[in-house]
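The values are calculated or read from the model by the stated rules, or taken from the named source; none is laboratory data. Just so it is clear, the model here is predicted, and its values are computed rather than measured. As a convention, Cβ positions derive from the backbone with ideal geometry for all residues, glycine included, and neighbour counts pool all protein chains shown.
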Amino acid sequence: MRKLFLTYPNISRLILGALLILLALILSGLIPNTPHLGEYFPFVGTTLVVMANWFMFRTENRNLSALGFDLKKRNLSFLPIGLILGIIAFVAGFYFRTFITGEQWNINHNINYKSILQQLYWVLPTAAVQQFIVRGYCFKKIIEMSNQTTGIIISGLFFIGMHDFWNGNIVQIIAYAATLFIGHLMFCEALLKSGTIYFAIGLHWGNNLANSSLFTEGRKETSILFTTNQHANNMGWTQFGSLLLLTNIGFIVLTLIVWKWKPKQIAIIT
């Protein structure tokens, strides 16, 4: 084993990092389902995945600051900034797609604010754990072994594979996979240009919160706005392409804006 690490240090660390993250996910699923644990501390899986990333960075005499994951005020500020921008980006697509689908907007006059706060808390660990899996140590290692483009493509395919995108017809599969990859590009650019994974986590957090709870198809108790009466059936490819573009317009614009930023020079950029 030692000879393998000395002969192929990068590929060996990449494989070890992937195995440790997989082990962290398995252990998080094996931990007994203690009553109310998920309600009060839904961060067990996140903690284990972060520890796996930390361990791999320590094998190179570094720490999680290589991902901008520390207590610096600048880096921490990107978490709420990302949350707000993620929500705004989703709302833009949520609105513009109605030009194709014919949905009607409705205001929810009976919002359960307590449930919104609970969702705000519960959605965060899911976003964080996915960011550390896809854009953590292994992402950086792939970039070091090749380049940023290769790293983004490989991690993007893995990010899509983490989601159940095979349900539905071919049009729905293509649309969902394309949407996931657009989101992946936004998260990657957020990390690479800001220098902190907090930004990617915040954007993911905001998108998931808006998508699942705040702006929904059909009314939920947490919905601020919800849509009804969708009429987009049997769309042609032109309509489908327009719908895909409009649905993701907020993420596309935000990705282009972040892409134009001058990158923060930290350890992740090699």
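Could you grab the pairs with beta carbons closer than 6 Å, sequence gap of 6+ or different chains, first residue in the stretch 109-125 and under 19 Å from residue 78 (Cα atoms), second one of a type in the set (Asp, Glu) and assigned to a helix (DSSP H, G or I)?
Close Cβ pairs (under 6 Å, with a partner that is of a type in the set (Asp, Glu) and assigned to a helix (DSSP H, G or I)) do not exist here.
Any residue in the stretch 82-95 that is more than 20 Å from the chain's Cα centre (by Cα) and closer than 25 Å to residue 211 by Cα?
Taking every residue of the stretch 82-95 in turn, at least one turns out to be more than 20 Å from the chain's Cα centre (by Cα) and closer than 25 Å to residue 211 by Cα.
Considering only the stretch 9-105, give the helices (runs of 4 or more DSSP H) lying wholly within it that have at least 2 residues that are surrounded by 14 or more Cβ atoms within 10 Å (Cβ to Cβ) and in contact with a helix residue (DSSP H, G or I) (Cβ under 9 Å, 6 or more places away or on another chain).
In the stretch 9-105, the matching helices (runs of 4 or more DSSP H) lie at 9-30, 44-58, 73-96, 98-101.
Yes or no, residue by residue, for (1) loosely packed, with under 14 Cβ neighbours inside 10 Å; (2) more than 20 Å from residue 17 (Cα to Cα):
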site	(1), (2)
111	no, yes
119	no, yes
124	no, yes
128	no, no
132	no, no
135	no, no
143	no, no
147	yes, no
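Among the numbered criteria (1) of a type in the set (Phe, Trp, Tyr); (2) under 23 Å from residue 18 (Cα atoms); (3) at pLDDT below 90, which single criterion is violated by residue 176?
Going through the list (1) of a type in the set (Phe, Trp, Tyr); (2) under 23 Å from residue 18 (Cα atoms); (3) at pLDDT below 90, residue 176 breaks only (2).
Here's the yes/no breakdown for (1) free of Cβ contacts under 8 Å to residues at least 40 places away in the same chain; (2) closer than 24 Å to residue 73 by Cβ:
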residue	(1), (2)
159	yes, no
169	yes, no
179	no, no
205	no, yes
215	no, no
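With the condition kept exactly as written, say whether any residue in the stretch 173-183 is within 19 Å of residue 243 (Cβ to Cβ) and surrounded by fewer than 14 Cβ atoms within 10 Å (Cβ to Cβ). Walk me through it before giving the result.
Going residue by residue through the stretch 173-183, those that are within 19 Å of residue 243 (Cβ to Cβ) are 173-183.
With the extra rule that they be surrounded by fewer than 14 Cβ atoms within 10 Å (Cβ to Cβ), the set shrinks to 173.
Looking through the stretch 173-183, at least one residue is within 19 Å of residue 243 (Cβ to Cβ) and surrounded by fewer than 14 Cβ atoms within 10 Å (Cβ to Cβ).
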